[in-house]
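The values are calculated or read from the model by the stated rules, or taken from the named source; none is laboratory data. Predicted model only: the values in this text are computed from it and were never measured. We place every Cβ from the backbone using ideal geometry, glycine too, and count neighbours over all the protein chains shown. These area figures cover heavy atoms from the full protein model, side chains too; ligands, DNA and RNA do not enter into them. Shrake-Rupley method; radii C 1.70, N 1.55, O 1.52, S 1.80 Å.
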Amino acid sequence: MSRAERLLQLMQELRLHRYPVAGQMLADRLGISLRTLYRDIASLQAQGADIRSEPGLGYQLTPGHQLPPLMFSEEEIEALMLGARWVANQSDPDLASAAQHLTAKVEAVLPDKLRHYLASVPLLVAPSRQLLPVQADMALVRQAIRRSRRLHIHYQDLKGLHSSRTVWPLAIAFFDQVRVLAAWCEERSDFRHFRTDRLGQVELLDSPYPGGRQVLMQRWRRHQGLDGS
């Protein structure tokens with residue numbers, strides 16, 4: 001393992017821990033001596049990594065810290081660009097724009113060699129069948145999911161019947177031609193799945209739904225038989 005690869009792995013190890021991790025544990029994970037670990041920590045700190053030392057506890061990377069350029073390997077750049085290209089090709093304008101902003105931010109922190117590689121990643125997204133048009137404000141739907149807020153929707157089912165419902169949105173599933181909103185429906189007292197191309201007007205309500213999205217997601221996974229039990 002080269003020194004650059006070792007420093008990258010050390011940053012990744014620190015990112016995986018929410019609390020201080022002992023130096024000896026880090027050294028064992030990397031297969032290096034404590035002295036080498038101390039030098040590597042100092043090197044990363046000199047490059048701008050906010051790594052704090054807690055006496056008697058170990059090292060911790062400050063939550064939310066912007067990691068130095070070493071954090072990206074070529075494979076990680078390929079994965080990021082493939083995902084960004086898929087989003088730009090397969091989602092609504094707001095998410096497509098977010099994907100472009102993301103790659104611009106990543107490009108800004110990469111060293112020259114990787115910056116050039118970012119622009120020429122040889123993984124492409126082939127054109128897919130035309131997405132069915134969506135009239136609903138999907139940015140508002142995603143906001144409701146992030147904030148665990150109730151959403152009032154107008155919906156037309158496959159038989160052409162219209163309904164008005166209050167739902168607890170928890171996720172959006174992306175398929176080739178359609179997107180599907182998974183939610184708890186107050187009117188049906190059960191989980192329901194709504195094709196986004198059949199959504200009409202949506203309204204973000206002031207009241208959050210009980211328990212929050214993570215709790216609701218766990219219930220949905222059990223309902224769908226996806227909890228691994």
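To one decimal place, what orientation-averaged projected area in nm² is obtained for the convex hull of the Cα set of the chain? Mind dumping the intermediate values first?
On the way: hull surface 67.5 nm².
The number I arrive at for the chain is 16.9 nm².
Computed over the alpha-carbon pairs of the stretch 62-176, the distance histogram in 10 Å steps reads 11, 32, 29, 19, 8, 1 percent, short to long. Can you figure out the FRET efficiency of Arg188 with Leu140, using R₀ = 22 Å and their beta-carbon distance, to the nearest 0.05? In this case the efficiency is close to 0.50. So for the stretch 70-229, averaging the separation of alpha carbon pairs under 8 Å that are six or more residues apart and normalising by length, what relative contact order in percent results? About 19 percent, as a whole number.
The label-point distance for Gln45 and Asp112, in a model that sets each label 7 Å from Cα toward Cβ, rounds to 3.0 nm.
Rounded if a/c is under 1.5, else prolate if a/b is larger than b/c, else oblate: which is the stretch 1-53, with a ≥ b ≥ c the root eigenvalues of its Cα gyration tensor? Taking the square roots of the gyration eigenvalues as a ≥ b ≥ c, the stretch 1-53 is rounded. Using a probe of 1.4 Å, the accessible surface attributed to His116 totals some 130 Å² when neighbouring protein chains are kept in position. Here the chain has 53 percent of its accessible surface on carbon and sulfur atoms, given a 1.4 Å probe and all protein chains in place. Taking all protein chains together and rolling a 1.4 Å probe, Glu54 ends up with roughly 70 Å² accessible. For trypsin sites (Lys or Arg not before Pro), the sites in the stretch 1-60 that DSSP calls loop and that have at most 15 other Cβ atoms within 10 Å are Arg18. Taking every DSSP helix (H) stretch of at least 4 residues in the chain, weighting each as -39,500 (n - 2.57) and dividing the sum by the residue count yields a mean residue ellipticity at 222 nm of -13000 deg cm²/dmol.
A crude spin-label estimate for the pair Glu78 and Gln214, with each label 7 Å from Cα along the Cβ direction, gives 3.4 nm.
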